[in-house]
Every structure is written in C-alpha cells, then in structure tokens.
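Novice: I'd like to ask you about the structure that follows.
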Amino acid sequence: MTAQKTALPNDLEPFWMPFTANRHFKGSPRLLAEAKDMHYTTVDGRKILDATAGLWCVNAGHGRKSIVEAVQRQVAKLDFAPSFNMGHPLSFELAARLTSMLPGYSQVFFTNSGSESVDTALKIAVAYQRAIGQGTRTRLIGRERGYHGVGFGGMSVGGMVANRKMWGTMVPGVDHIGHTHNLEKNAFSKGQPEWGMHLADDLERLVALHDASNIAAVIVEPVAGSTGVLVPPKGYLQRLRQICDKHGILLIFDEVITGFGRLGSSFATEHFGVKPDLFTVAKGISNATIPMGAVFCRKGIYDAFMNGPEGMIEMFHGYTYSAHPVACAAALATIDLYREEGLFERAAELSPYWQEAVHSMKGLPNVIDIRNLGLTAGIELAPRKDAPTARGMDTHLQCFEKGVMVRFAGETICMSPPLIIQKSQIDQIVDTVSSVLKTLH
Ligand SMILES: Cc1ncc(COP(=O)(O)O)c(C=O)c1O
C-alpha cells in the first residue's frame with residue numbers, strides 16, 4: 001500500500017470545481033464560511049448580502065431554524081430508507097402536500113437535482129406517448145438559449161452552446177425552436193415584453209419538418225434564468241400550449257428556478273395561467289438545505305402507466321435517493337415556512353419596488369437592457385471588445401468586494417434574492433451594482 005498523501009486544508013487543487021474558471025478562482029478564492037437569513041460570511045469574516053439566493057435556490061433565506069431542526073430530527077430518526085418497492089411516510093406526506101399546492105397535478109416523481117428532474121420529465125414524456133399508443137413520438141424539442149441542467153437529456157434539449165460544444169448532441173432526435181430574446185424590440189421592458197407572442201409559432205415549423213407524429217414533447221423554461229433572465233413575451237406561453245394541444249405534443253415547463261415563489265406565485269404555471277403536462281422543480285423545494293428535485297405530472301399521466309400485471313414495476317426509472325427522508329423533512333419544513341411567512345405573497349408585493357429599483361440602472365455605462373419579473377432581474381451589458389463575458393465577471397467580482405453577491409450569465413448580471421429581502425437591502429444591491437457599473441471600463 002502506498003503512503004497516503006497528507007491533505008492540506010488550504011490546497012485548492014484537488015477539487016475540480018463545477019461551472020468555474022478553476023485557475024482564476026484558485027488564484028483568488030472567494031470562500032464562504034457561514035450563512036444566515038440574507039447574508040453570507042466569508043472565511044475572513046466579511047458579511048456579503050446574498051442577491052442571488054445562493055444559486056436561485058435559498059428562497060426562504062439562509063439557516064432558517066425550522067428547516068435546520070427538521071433536518072436534524074430526521075437524520076437522527078431515519079437516516080435513509082429506500083423508495084424502490086419500499087417506502088417511508090414522509091415521502092407520501094410530501095407528495096400529497098406538493099400536489100395540493102396546485103390543482104390539476106396528481107403525482108410527483110422525486111429526484112435529487114434539477115438535472116435529474118429534467119431527464120426524468122423527458123423520459124416520462126417519451127414513455128407516456130408510448131403508453132398511450134403513440135410510440136413513434138420520440139423526438140424532443142427544446143429552445144435556443146434554454147438551460148435544462150447537465151444530464152445528457154437536459155444538455156441536448158438545452159440551447160447554450162458552451163454547455164453543448166464538448167459533447168455534441170448525444171441524444172438523437174432533438175431539435176430547438178428559436179429563443180425569444182430581442183433587444184431591438186423589447187429592451188428595457190418592465191415585466192413581460194409586449195412583442196413576441198408569435199415566436200411560439202416556430203414550433204409549427206418543426207412540426208412541418210418532422211411531423212407531429214414523431215414529436216413527444218417540448219420543454220421550455222417559463223422564464224429562462226441561466227441565459228440571463230429572459231421573460232416570455234405576453235401570450236407566448238399560452239400560444240405554445242395551444243400548438244402543443246393541436247398536435248398532441250406534451251408541454252414541459254422547467255420550473256427549477258421559477259418554482260416556489262420566485263415570480264410571486266407558487267409556480268410559473270400559476271403565474272402565467274398556463275398548464276404544462278409536466279413540470280420540473282428542484283432548488284426552492286427544500287430551500288436548498290438538502291438536495292432535492294421533483295417532476296409534477298398532470299392528472300392522467302400516471303394512470304396511463306398503471307396497467308399490466310400489478311406485481312410488475314410500471315416504469316423502470318428512479319434514483320437511490322429519490323424521496324430521501326432527510327430531503328423530505330427539509331422540503332416539508334420549507335413548504336410550511338413559505339406558507340407561515342406568506343413568502344410567495346411577499347415576493348409579489350415586493351416585485352413593483354424591485355422592478356423600479358432595478359430599472360433605475362437604465363442609462364448607466366454599457367447597460368443595454370434590463371429585464372425583470374417577480375424577484376428576478378437581468379442587467380445586460382454590452383460586451384467588451386475581444387473579451388466576451390469579461391464585463392459580467394468583473395461586475396460580479398467588484399460587487400463581491402463591496403459586499404454584495406450577484407451572478408453573471410455571459411454579459412448579463414443576474415439577481416434573484418431570497419424572498420425575505422427588505423426594501424433597504426434592495427436599495428443596497430442597486431447602489432452597489434450601480435457604483436460598480438459607473439466605474440467599470
Ligand atoms: C431551469 C433549470 N433547469 C435545470 C437546472 C439544473 O439544476 P441542477 O443544477 O440542480 O441539476 C437549472 C439550474 O440552474 C435550471 O436553472
């Protein structure tokens with residue numbers, strides 16, 4: 001046996017960091033040690049206002065007592081139980097609570113992340129079509145500039161070139177409708193842009209190309225987050241629903257970001273009044289305390305699988321940690337907290353203030369668009385010549401130095417604070433970002 005290398009606590013090399021410029025980060029690391037409510041504390045004791053709810057996920061704020069205690073109790077009581085041909089009560093309680101949040105959805109399938117939720121939803125869609133005798137419907141349609149996680153399914157229906165280029169399109173039979181981003185028509189729209197409902201008709205182009213009998217499902221983010229907060233034009237999602245209905249195509253919403261209050265409603269489906277056949281969630285489901293995701297299925301989908309011999313597994317899909325007891329405990333406590341504190345309503349009430357605050361940055365150097373909905377905002381900057389994304393990265397770094405954490409997606413500064421944010425903290429975010437943008441070259 002070879003002697004084990006002594007691990008140094010401050011050796012940053014062994015961790016291959018996800019979605020990170022590893023060499024740059026390890027040259028000047030930003031390490032977080034603690035978090036409470038609206039703030040992180042760095043390892044050197046600096047308080048950072050969290051304008052991103054972690055990664056769009058800590059919707060109720062950090063370190064919430066009731067969630068922490070529920071997790072502590074559960075891990076001591078039942079650390080793990082399988083959900084394959086076995087069960088534990090919390091998983092059923094959670095599924096019942098979730099389906100009662102929204103009429104029309106009768107089952108949830110549990111996963112551990114957004115990526116798993118997406119791949120699960122795609123698999124359910126294809127299997128459902130087969131179950132109802134539409135087995136030729138295998139093609140999956142995504143949208144340019146979409147982000148659906150990093151599994152092979154999600155990557156393939158996703159529309160971000162950087163996420164795809166190293167792997168090509170490994171899932172065959174995938175196509176994309178065009179995105180909805182249009183600076184010429186819609187720049188500086190407050191909330192949903194007026195122009196662009198007709199962009200949904202692009203789905204008709206793909207139906208004409210492939211024939212509806214070959215298409216299983218269309219997946220879109222109701223509000224695209226990771227490509228810089230792209231808010232759907234008025235009527236666009238409704239139109240997409242109509243075209244799907246016309247052609248027997250399932251509509252999947254990826255609500256990994258929009259779920260659990262981000263738009264000031266329980267889910268985007270409620271916010272926009274459009275009902276997809278399946279929708280994915282993760283992140284806010286457990287306030288990110290313990291990883292968890294889920295797929296909501298509209299009435300009838302599960303039933304289509306419930307035939308054949310009763311002793312047979314109906315769908316050969318699932319994860320060891322599907323409905324992990326500790327994640328279920330975290331999610332139940334999270335949903336209670338959302339309700340007790342009225343956090344979805346709070347997000348709705350705050351959103352006009354948020355909208356005016358973020359739009360006050362119009363006119364600052366290099367700002368070419370500002371977009372918002374609920375408690376999300378994207379501030380798009382003109383790219384620096386020959387250095388794409390550098391301006392976004394610099395804004396992120398300088399804001400962090402000034403005590404505010406914002407994200408950047410390419411050239412867009414993205415903000416999605418916890419729903420417990422105070423108006424004075426909204427002002428602090430806007431003051432900080434503004435002061436950085438005023439001096440950034
Ligand atoms: C819309 C959407 N789908 C899927 C994912 C992937 O989620 P995860 O990183 O939990 O796999 C994300 C992550 O940001 C997302 O925004």
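Novice: If I ask for residues that are more than 15 Å from the chain's Cα centre (by Cα) and within 13 Å of Tyr105 (Cα to Cα), which ones from segment 279-309 would you list?
Specialist: Result: Cys297, Arg298, Lys299, Gly300, Ile301, Tyr302, Asp303.
Novice: Could you check how many residues of segment 36-70 are surrounded by fewer than 18 Cβ atoms within 10 Å (Cβ to Cβ) and assigned to a helix (DSSP H, G or I)? Walk me through how you get there before you give the answer.
Specialist: Looking only at segment 36-70, we keep the residues that are surrounded by fewer than 18 Cβ atoms within 10 Å (Cβ to Cβ), and these are 36-37, 41-47, 55, 63, 65-66, 68-69.
The next check asks that each one be assigned to a helix (DSSP H, G or I); those that pass are 55, 65-66, 68-69.
The total comes to 5.
Novice: Further, regarding this structure: Out of the residues in segment 96-151 meeting the condition of being out of contact with any His (no Cβ under 9 Å at 6 or more places or on another chain) and assigned to a strand (DSSP E or B), tell me which one is farthest from Ser265 (Cα to Cα).
Specialist: Step by step, filter segment 96-151, then rank; the result is Leu140.
Novice: Which residue is nearest to the ligand (Cβ to nearest atom), if the candidates are limited to segment 286-299 and must be part of a strand (DSSP E or B) and of a type outside the set (D, E, K, R)? Show your work before the answer.
Specialist: At the first step, the residues of segment 286-299 found to be part of a strand (DSSP E or B) are 293-298.
Checking which are of a type outside the set (D, E, K, R) leaves us with 293-297.
Working: Gly293: 6, Ala294: 12, Val295: 12, Phe296: 14, Cys297: 17 Å.
Restricting to residues being part of a strand (DSSP E or B) and of a type outside the set (D, E, K, R), the top hit is Gly293.
Novice: Write out, first by first residue and then by second, each pair whose Cβ atoms fall under 6 Å of each other, whose residues are 6+ apart or on separate chains, and whose first residue, in segment 315-330, is farther than 16 Å from Val295 by Cα while the second is assigned to a helix (DSSP H, G or I) and not hydrophobic (A, V, I, L, M, F, W, C).
Specialist: The qualifying pairs are Pro325/Gln74; Val326/Gln74; Ala329/Gln74; Ala330/Ser286.
Novice: So if I check each of Met170, Met155, Met166, which one is in the same structural domain as Gly293 (by TED's automatic domain parsing), assigned to a helix (DSSP H, G or I), farther than 18 Å from Cys297 by Cβ and not basic (Lys, Arg)? Before the answer, list the steps.
Specialist: Working: Met170 fails: assigned to a helix (DSSP H, G or I); Met166 fails: assigned to a helix (DSSP H, G or I).
Going through Met170, Met155, Met166 in turn, just one is in the same structural domain as Gly293 (by TED's automatic domain parsing), assigned to a helix (DSSP H, G or I), farther than 18 Å from Cys297 by Cβ and not basic (Lys, Arg): Met155.
Novice: Out of the residues in segment 144-158 that are within 18 Å of Gly225 (Cβ to Cβ) and away from the ligand (no atom under 11 Å from the Cβ), state the one that is nearest to the chain's Cα centre (by Cα).
Specialist: In the first step, residues of segment 144-158 are kept if they are within 18 Å of Gly225 (Cβ to Cβ); the result is 144-151, 154-155, 157-158.
So of that shortlist, the ones also away from the ligand (no atom under 11 Å from the Cβ) come out as 144-145.
Working: Glu144: 16, Arg145: 14 Å.
Filtering segment 144-158 for residues that are within 18 Å of Gly225 (Cβ to Cβ) and away from the ligand (no atom under 11 Å from the Cβ), the one nearest to the chain's Cα centre (by Cα) comes out as Arg145.
Novice: What pairs come out if I take residues in segment 131-149 that are under 30 Å from Lys283 (Cα atoms) and pair them with residues that are within 11 Å of the ligand (Cβ to nearest atom) and hydroxyl-bearing (Ser, Thr, Tyr) whose C-beta lies under 6 Å away, six or more apart or interchain?
Specialist: Arg145/Thr227; Tyr147/Ser226; Gly149/Ser115
Novice: Kindly indicate the residue of segment 349-372 that is surrounded by fewer than 18 Cβ atoms within 10 Å (Cβ to Cβ) and of a type in the set (A, V, I, L, M, F, W, C) and also farthest from the chain's Cα centre (by Cα) among those meeting that condition.
Specialist: Leu364
Novice: Among the residues of segment 174-191, write down those that are farther than 14 Å from His359 by Cβ and touching a residue at least 24 places away in the same chain (Cβ under 8 Å). Before you say what the answer is, go through the steps one by one.
Specialist: To start, the set of residues in segment 174-191 that are farther than 14 Å from His359 by Cβ comprises 174-185.
Val174, Asp175, His176, Ile177, Gly178, His179, Thr180, His181, Leu183, listed by residue number.
Novice: Just checking, how many residues over segment 234-285 are away from the ligand (no atom under 16 Å from the Cβ) and among the acidic types (Asp, Glu)?
Specialist: So the count comes out to 3.
Novice: Identify the single condition in (1) away from the ligand (no atom under 16 Å from the Cβ); (2) in contact with a Phe, Trp or Tyr (Cβ under 9 Å, 6 or more places away or on another chain) that Val161 does not satisfy, given that it satisfies every other one.
Specialist: That leaves (2) as the condition not met.
Novice: Please enumerate the residues belonging to segment 195-223 that are within 20 Å of Pro172 (Cβ to Cβ), away from the ligand (no atom under 16 Å from the Cβ) and touching a Phe, Trp or Tyr at 6+ places or on another chain (Cβ under 9 Å).
Specialist: Ala216
Novice: I'd like the residue in segment 378-430 that is out of contact with any Leu (no Cβ under 8 Å at 6 or more places or on another chain), part of a loop (DSSP other than H, G, I, E, B) and among the polar types (S, T, N, Q) and, out of all such residues, is surrounded by the most Cβ atoms within 10 Å (Cβ to Cβ).
Specialist: The extreme case among them is Thr389.
The values are calculated or read from the model by the stated rules, or taken from the named source; none is laboratory data. All of these numbers come straight from a predicted model, not from anything done at the bench. Here the Cβ is made from the backbone with ideal geometry for all residues, glycine too, and neighbour counts use every protein chain on show.
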